[in-house]
Amino acid sequence: VQLQASGGGLVQAGGSLRLSCTALERTLRNYAVGWFRQAPGKEREFVAGINWSGESTYYSDSVKGRFTLSRDDAKNTVSLEMNNLKPEDTAVYYCAADRWGGSYSAASEYQYWGQGTLVTVSS
């Protein structure tokens with residue numbers, strides 16, 4: 001599965017962005033999707049995950065209450081709505097997928113990865 005992450009950009013603190021993860025040439029139906037991010041000089045970290053059916057979501061403590069995952073299988077897209085953004089949210093955001101997967105937080109659980117989209121939050 002080839003994934004494409006999009007929607008990144010520059011936003012002021014307190015603002016919002018919506019990231020999208022789309023599968024190219026294949027459906028995302030029945031795939032769990034996770035979002036991870038990597039800030040300069042830091043390790044990649046889990047942000048949010050949604051299981052293959054969309055019934056279960058899981059968020060890191062740092063984004064809980066601010067970020068919301070949703071999936072639209074008809075549009076072949078999983079979206080990450082990011083509100084009340086903070087400068088510490090600045091990172092390259094990656095989406096990943098795993099067939100029949102849960103809302104995993106471990107990167108090793110995901111088989112397919114997109115190329116990343118840059119989110120920059122200015123103070």
N84/A107 FRET efficiency (R0 30 Å; Cβ-Cβ; nearest 0.05):
0.75
Using a 1.4 Å probe on the protein heavy atoms, what percent of the accessible area of the chain belongs to carbon and sulfur?
44
Counting as exposed only GluC sites (Glu not before Pro) in DSSP loop states with no more than 13 other Cβ atoms inside 10 Å, the longest exposed-site-free span of the chain is 56-123
Using a 1.4 angstrom probe, figure out how much accessible area the chain has per residue, in square angstrom, rounded to the nearest whole.
50
If exposed means no more than 11 neighbouring beta carbons inside 10 Å and the site is in a DSSP loop, what's the longest run of the chain without any exposed trypsin sites (Lys or Arg not before Pro)?
76-123
Could you report the accessible area of V92 in Å², rounded to 10, computed with a 1.4 Å probe on the protein chains as they sit in the structure?
40
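The values are calculated or read from the model by the stated rules, or taken from the named source; none is laboratory data. Every value quoted in this text rests on a predicted model; they were computed, and no experiment measured them. Because the Cβ atoms are built from the backbone with ideal geometry, glycine has one as well, and the counts that use them run over all protein chains shown. Accessible surface is based on the protein model in full, side chains and every heavy atom, while ligands, DNA and RNA are left aside. Shrake-Rupley method; radii C 1.70, N 1.55, O 1.52, S 1.80 Å.
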